[in-house]
Amino acid sequence: MIAGTLVAPGDKVLDRIGDYKMGNGLYETNRRIFSSIAGFVNVYGFRDKSDNLIQVIEVRRSEDQMDNELLPFSGAVVTAKVMAVGLRFAKCDIISIGDKVYKKRFSALLPKKKLRPLEPELSDPFKNFVRPNDYILAKVCEDAGIKDKFVLSIAEDELGVVLCRGKFGEPMKKVDWNTVVSTRTGKTEPRKMAKVPQKCMLPTDSMETSA
C-alpha cells in the first residue's frame, strides 16, 4: 500500500511484513498486516547502531503527523525514566530513541516478568532491579495483556539501569552489574545495570532537568 493512503481499522496494509519493521497502528494476522486504527499509512527509515537502514511502516491518525518523526516501535531500544514502582509494573516515561530526544514523553509499563525470565517469582523483584527516578535502557516489546501503553523489557544483559541517584540526589556509582554505591554515604543498593553498547545514547544532565 502506498504511503499516505487513508485506511480504516481492519484494512489490509501489506500481504507480509517483508523487510519492514511493524510500527504503531498495525497488527499481524496470518502473516498479513492490517490497520488497527483509522489514519494514514506512513513509512520512514533510520539507521541502527550497526549503520543498517531500518524501514518502519505504521499508521498515523493525522496527516499532520507525517513528518518522519521516529516513534517507539516493537524491537526499538529506548531510554526511559522510571516514574513509579508497583507490585506488578513499573511506570516509565520514554524520553529518547537512538539519538532523538522526544519533546513529549510516551507513557510505558515495565512488567515484573520483563525484568529477567525467572525473577517474577520473587515477592518484590523491583527493588533488586530498578527504583523510581532511575534511567533505564529498555526494549519496546509486545504484551497480549496490555494494549493501551508501550511495554518495556530489560531482560537482556545489555538492558537495565544506566543512571541513578541516591536519596540525597547524589550520583550512584556502579560496583558491579548488580550493585551500585552512593558517592555520598557509601551505602550500596541492588540494581540491574545495563551492559551498554558503545553507540547507545545515555541520559544527560539536560534530560534529567527536563524529565
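The values are calculated or read from the model by the stated rules, or taken from the named source; none is laboratory data. The structure displayed is predicted, hence computed values, not measured ones. Using ideal geometry, Cβ is built from the backbone for each residue, glycine included, and neighbour counts are taken over all protein chains shown.
Structure data summary
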{"quantity": "Qualifying positions in the stretch 143-189 - within 18 Å of S96 (Cβ to Cβ), surrounded by 14 or more Cβ atoms within 10 Å (Cβ to Cβ) and within 17 Å of the chain's Cα centre (by Cα)", "calculated": "K149, F150, V151, L152, S153, I154, L159, G160, V161, V162, L163"}
{"quantity": "Single residue of the stretch 152-193 satisfying the filter (under 18 Å from M83 (Cβ atoms) and charged (D, E, K, R)) that is modelled with the lowest pLDDT", "calculated": "K167"}
{"quantity": "Number of the exception - V56 against (1) at pLDDT 85 or above; (2) among the aliphatic types (A, V, I, L, M); (3) within 18 Å of K139 (Cα to Cα); (4) assigned by TED's automatic domain parsing to the domain that holds D157", "calculated": "(4)"}
{"quantity": "So V196, is it assigned to a loop (DSSP other than H, G, I, E, B), surrounded by 14 or more Cβ atoms within 10 Å (Cβ to Cβ) and either at pLDDT 95 or above or of a type in the set (A, V, I, L, M, F, W, C) (or both)", "calculated": "yes"}
{"quantity": "Every residue from the stretch 38-47 that is surrounded by 12 or more Cβ atoms within 10 Å (Cβ to Cβ) and without any contact (Cβ under 8 Å) to a residue 24 or more places away in the chain", "calculated": "G45"}
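Residues are listed down the side, and each one gets a yes or a no for (1) modelled with pLDDT under 90; (2) within 27 Å of T29 (Cβ to Cβ); (3) of a type in the set (F, W, Y):
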residue	(1), (2), (3)
A84	no, no, no
K113	yes, yes, no
P117	yes, no, no
V140	no, yes, no
